[in-house]
1. Just how large is the dipole of segment 127-166 about the Cα centre, in debye to the nearest 20, putting +1 at every Lys and Arg Cβ and -1 at every Asp and Glu Cβ?
2. For the chain, with the dipole built from +1 on Lys and Arg beta-carbon atoms and -1 on Asp and Glu ones, taken about the Cα centre, which of T432, I225, C165 lies farthest toward the positive end?
3. Filter the GluC sites (Glu not before Pro) in segment 288-381 to those in DSSP coil with at most 10 other Cβ atoms within 10 Å of their Cβ, and list the result.
4. Averaging over every viewing direction, what projected area does the convex hull of the Cα atoms of segment 68-146 cover, in nm²?
5. Dividing the alpha-carbon radius of gyration of segment 318-433 by 2.2 N^0.38 Å (N being the number of residues), what value is obtained?
6. If the only charges are +1 at each Lys and Arg Cβ and -1 at each Asp and Glu Cβ, what is the size of the charge dipole of the chain around the Cα centre, to the nearest 20 debye?
7. Heavy atoms of the protein only, probe of 1.4 Å, neighbouring chains included. What is the accessible area of D17 in Å², nearest 10?
8. Roughly how much of D152 is accessible, in Å² to the nearest 10, using a 1.4 Å probe?
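The values are calculated or read from the model by the stated rules, or taken from the named source; none is laboratory data. The structure displayed is predicted, hence computed values, not measured ones. Positions of Cβ are backbone-derived with ideal geometry, glycine not excepted, and every protein chain shown enters the neighbour counts. Please note that ligands, DNA and RNA were not included when accessible areas were found on the heavy atoms of the full protein model with its side chains. Shrake-Rupley method; radii C 1.70, N 1.55, O 1.52, S 1.80 Å.
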Amino acid sequence: VIVDNLEDSDKLIEKVDIAGPGFINFTIAPRQWQMLLGDILALGADYGHSTTGAGQKVLVEFVSANPTGPLHLGHGRGAALGDTLCRILSFTGHEVVREFYINDAGQQVRLLGESVYSRWKQKSDPGYPFPENGYHAEYIGDLAGEITGHVDLGALNREEAIARCAEFAKARMLDEIKKDLADFRVAFDLWSSESDLYASGLIDKTLESLREKGKLYEEEGALWIKTSAFGDDKDRVIRKSDGQYTYFAPDIAYHIEKRKRGFNRAINIWGADHHGYVQRMKAALKTNGIEDEWLSVLLLQLVKLWRGGEEVKMSKRAGLYVTLKELVEEVGVDSARFVFLTKNHDSPLDFDIDLVKKQDADNPVYYLQYAHARISSVFRKAASQNLSLPAAPETVLDRLTLEEEMSRIRLMADFPNLLEDISRTLEPHRLTY
């Protein structure tokens, strides 16, 4: 009955088949696909652009590496994911702000200063002890040599010298991080500093506000936040009995401040080792009336590097790791970014250096680049013979009738929907796929 009563004045449908009980198959007329290709040609680079996210202000925080050393492969994966996601969100009409949160107020920066100071001391006193958990990589020695041209460490006591080493090394590492990201074609709108957060007094103000709302209490000399009432498995200490804040306190203040800046949504990209921290943070935000859905956290699984059929073992503290800069110098920005996006962020990623450098169809990056080169050569050949697309391409589109041609058009037709889906699911690897 449905088939018998269909009206199709626009001639959208070529045929209708009853495919068993309860199923009707509709075949779209080839002309409709051909006309869609005409629309794609007319729109050019704007094809797929939408207003899905109109009025939505989104803050995406990613990479956020400790300024204690160069960026490694995990940071590269996060940079590729975050940057691509921001591009897609912007293309679908969202107002996107990219932020890098500099973790520069913790023990790790102090340890960086101790490591540089120890290497400086060892130049005159080879037996001077190196911190137990210090950074052993070669760049620490380079920093120790470089700082002598800027600071007279010999004129300072040990604590002052370590503080100056930490300050100098942190600044140098941050400069290097910024350069590596720029070379990786990743830009940020904002660089927020944890140390600035402390200096601003925002942490104290945030805790006082939470105290007034009855979300804090004191026990055994420590200050606790009532996260267990909002989905956490237990309450959390935010100020220890010695008066020092835990790392949770500045994180809470930072995220509440994000909301106050007027963002409808916040997206964080963290390492997989932060898995247990996600619900804790969401619970802390709920104590301040911020709904669960406001914060989305993408957890990045590890990247394993392979060369010659063997995994390259890496340890940042031991100084045994491949930096993002070294990887890009060997395989190029395009290849690195593409491979980082070949799997969903929550799956471990094997990065095979040898495969990515191969010039054959086994290498997906080369295969795509080769396809692009072939397409470009078609246009060059056409230009050499004075051939060009007609001024009104729709007049000849009906010549595209092969199944191979139609399947390409149908694939292109799904592009806008794919981008809108990615803006909702936060899965940029689907575009690469």
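1. Working: 2 positive and 7 negative charges, 18 e Å.
Rounded to the nearest 20 debye, it is 80 debye.
2. About the Cα centre, the residue reaching furthest to the positive side is C165.
3. Passing both the DSSP loop test and the Cβ count: E291.
4. On the way: hull surface 27.3 nm².
Mean orientational projected area (segment 68-146, Cα hull): 6.8 nm².
5. Values: Rg = 19.1 Å, N = 116, 2.2 N^0.38 = 13.4 Å.
Computed over Cα atoms of segment 318-433, the ratio equals 1.42.
6. Details: 53 positive and 67 negative charges, 117 e Å.
Approximately 560 debye in magnitude.
7. The accessible area of D17 comes to roughly 70 Å².
8. Using a 1.4 Å probe on the heavy atoms, I get roughly 110 Å².
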